[in-house]
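K.L.:
Starting off with a structure, shown below.
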Amino acid sequence: MQFILTGTASGIPVAHRRHASVLLRHGQRMVLLDAGEGVSASLLSQDIDPVLLDAVLISHTHADHVAGLPLLLQGMHLAEREAPLDIRVPPGREQWFRDWFAGLYIFEEKWSFPVVLRPLDEEIRVGEELRIRPFPNRHLDRVRELAGRHGIPADSFSFFISGPDGGAVVSSDIASIDDIAEAAATADLLIIDSTHVAVGELEAYMTAHPELTVVCTHVPPELEPEAGRHRPDDASGASHPLLFAHDGMRIDLENHQ
């Protein structure tokens, strides 16, 4: 089971990072977790054909996690993809995505492949071996009341991935490490948002869970000096306890049990 960090920027645009996305690959199966701006180019730069994606899972609808999705779909259409694409989105946002796509002329009658929009409300099975369990976090709690006044749900999710090589948590954006602490305690790998979690808080959690490999993504500009000191191409086997991601970083998960 391999994770490719195809977008590692925070919500602030920078020249050398694309926005939030993580590719999960196991054998011939590929699932994209979030689709921030630049995801299509990032996949291609890693010699990954976006047409071959099995599914796209959207954790929440902040622009840095979803803005690259329409162009990703357009590229698949122009490449004449035919297989349906499963897109899971936060519950209650399905019609918003349909309206968004329609405004971009992504019409079912015109498109080369069916876009299947479903709520992110149950475990996703990918092939015989991969299981992806979305679980809620508190990232959008601070805008929940205002969003409600506009009639918009404010749900955000993290992901627990299990397969033959072990377990991993991809946090997406969170309110604090408490959002993923219980799930990560049973995992081998944690790919975590480093914009909303203090480095000291992460180091304390790692001390309590020494077997856990932790990779920081969603890297804000103020952490770039730290990230620049620790940029391994492959996190497996790296000795530094806290790793900072860069676009294209690959992590091969081995079962530590």
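K.L.:
Tell me, yes or no, whether the range 42-49 has at least one residue that is part of a loop (DSSP other than H, G, I, E, B) and at positive phi.
P.N.:
yes
K.L.:
May I pose another question? Is it fair to say Pro153 is in a loop (DSSP other than H, G, I, E, B) and either modelled with pLDDT of 95 or more or in contact with a helix residue (DSSP H, G or I) (Cβ under 7 Å, 6 or more places away or on another chain) (or both)?
P.N.:
Yes.
K.L.:
Then there's this: Can you pull out the residues in the range 1-34 that are surrounded by fewer than 18 Cβ atoms within 10 Å (Cβ to Cβ) and over 18 Å from Leu85 (Cβ atoms)?
P.N.:
Gln2, Gly11, Ile12, Pro13, Val14, Ala15, His16, Gly27
K.L.:
If Val22 passes every condition in (1) of a type in the set (A, V, I, L, M, F, W, C); (2) closer than 22 Å to Arg125 by Cα; (3) touching a helix residue (DSSP H, G or I) at 6+ places or on another chain (Cβ under 6 Å) but one, which one does it miss?
P.N.:
(3)
K.L.:
Just one of the numbered conditions (1) at pLDDT 95 or above; (2) among the charged types (D, E, K, R); (3) surrounded by fewer than 18 Cβ atoms within 10 Å (Cβ to Cβ); (4) not in a helix (DSSP H, G or I) is not true of Glu37; which one?
P.N.:
Every listed condition holds for Glu37 apart from (3).
K.L.:
Report, by residue number, each residue of the range 50-71 that is part of a helix (DSSP H, G or I) and either buried (at least 20 other Cβ atoms within 10 Å of the Cβ) or basic (Lys, Arg) (or both).
P.N.:
Scanning the range 50-71 gives Pro50, Asp64, His65, Val66, Leu69.
K.L.:
OK, next. Take Arg98 and tell me if it is in contact with a helix residue (DSSP H, G or I) (Cβ under 6 Å, 6 or more places away or on another chain) and not hydroxyl-bearing (Ser, Thr, Tyr).
P.N.:
No, not satisfied.
K.L.:
Would you confirm whether any residue within the range 93-115 is in contact (Cβ under 8 Å) with a residue 40 or more places away in the chain, crowded, with 16+ Cβ neighbours inside 10 Å, more than 19 Å from Leu43 (Cβ to Cβ) and within 16 Å of the chain's Cα centre (by Cα)?
P.N.:
Scanning the range 93-115, I find no residue that is in contact (Cβ under 8 Å) with a residue 40 or more places away in the chain, crowded, with 16+ Cβ neighbours inside 10 Å, more than 19 Å from Leu43 (Cβ to Cβ) and within 16 Å of the chain's Cα centre (by Cα), so the answer is no.
K.L.:
Please enumerate the residues belonging to the range 190-219 that are within 22 Å of Ala9 (Cα to Cα), in contact with a Pro (Cβ under 9 Å, 6 or more places away or on another chain) and assigned to a helix (DSSP H, G or I).
P.N.:
Of everything in the range 190-219, just one residue is within 22 Å of Ala9 (Cα to Cα), in contact with a Pro (Cβ under 9 Å, 6 or more places away or on another chain) and assigned to a helix (DSSP H, G or I), namely Glu203.
K.L.:
Of all residues in the range 126-146 being in a strand (DSSP E or B) and modelled with pLDDT under 95, which is surrounded by the most Cβ atoms within 10 Å (Cβ to Cβ)?
P.N.:
Leu130
K.L.:
A further question follows. Report, by residue number, each residue of the range 1-27 that is in a loop (DSSP other than H, G, I, E, B) and without any contact (Cβ under 8 Å) to a residue 40 or more places away in the chain.
P.N.:
Pro13, Ala15
K.L.:
For Ala187, indicate whether it is of a type outside the set (S, T, N, Q), in a loop (DSSP other than H, G, I, E, B) and buried (at least 19 other Cβ atoms within 10 Å of the Cβ).
P.N.:
Yes: the conditions hold for Ala187.
K.L.:
Determine whether the range 87-102 contains at least one residue that is aliphatic (A, V, I, L, M) and assigned to a loop (DSSP other than H, G, I, E, B).
P.N.:
no
The values are calculated or read from the model by the stated rules, or taken from the named source; none is laboratory data. Quantities reported herein were computed from a predicted structural model and do not represent experimental measurements. As a convention, Cβ positions derive from the backbone with ideal geometry for all residues, glycine included, and neighbour counts pool all protein chains shown.
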